Each structure stands twice: as structure tokens, then as C-alpha cells.
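Structure record follows, encoded as C-alpha cells.
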Amino acid sequence: MEQVVDHSGILFQAGDNAEFFVTALQTPYLRQLYDRAEWLAGYFQNYSDEAFDDLMRNLLTNWVSEFQDEASGPAL
């Protein structure tokens, strides 16, 4: 992992040796995780940073709202 500091804050990204490390791990779970990460990277490759941020903000806002509704218990 590499830490990158820029105008938007602190970001973490895969370093130069990340691919070697991940391919060296051959358990079925880690292989599936690698496949999903590869799919995810491909899925979002054409998103701009702004579009990706908007999508994540929307998803997290909806998730927080749903979580808060469930945490308050059933409506009486």
C-alpha cells in the first residue's frame, strides 16, 4: 500500500508490488477476491473522479438512512 496526500485528503492505493503479492496468494477466497477487484476496476474505469464520488455519496447516504431506520426499531 502507498499513502498519497493531495488536495482531497489522504488516499491509499496499491503499490508497485501489489500485483505480485496478490497473485502469490492462491487460496480460493483470495482468488475470488482478486477476480472481483479486477471486475470492479473494469466496471468503474470510465467514471470520472467526480462521477464516482457522486455515486458513492448517493449510495452511502441511502445506506446510512436505511441503517438508521433499522436501528430505531419497528414502527409502532
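The values are calculated or read from the model by the stated rules, or taken from the named source; none is laboratory data. Computed from a prediction, not measured in an experiment: that's the story for all the values here. As a convention, Cβ positions derive from the backbone with ideal geometry for all residues, glycine included, and neighbour counts pool all protein chains shown. For the accessible areas, the whole protein counts, side chains as well, though only heavy atoms, and no ligand, DNA or RNA atoms are used. Shrake-Rupley method; radii C 1.70, N 1.55, O 1.52, S 1.80 Å.
Here are some notes:
- Every listed requirement among (1) open to solvent by 70 Å² or more (accessible area, probe 1.4 Å); (2) more than 20 Å from MET56 (Cβ to Cβ) is met by GLY15 save one, (1).
- The single condition from (1) of a type outside the set (A, V, I, L, M, F, W, C); (2) touching a helix residue (DSSP H, G or I) at 6+ places or on another chain (Cβ under 6 Å); (3) open to solvent by 100 Å² or more (accessible area, probe 1.4 Å) that TYR34 fails is (3).
- If the condition is being touching a residue at least 12 places away in the same chain (Cβ under 8 Å) and under 15 Å from GLU2 (Cβ atoms), then region 17-46 contributes ALA18, VAL22.
- Test: residue in region 50-61 that is exposed (fewer than 10 other Cβ atoms within 10 Å of the Cβ) and at pLDDT 80 or above: yes
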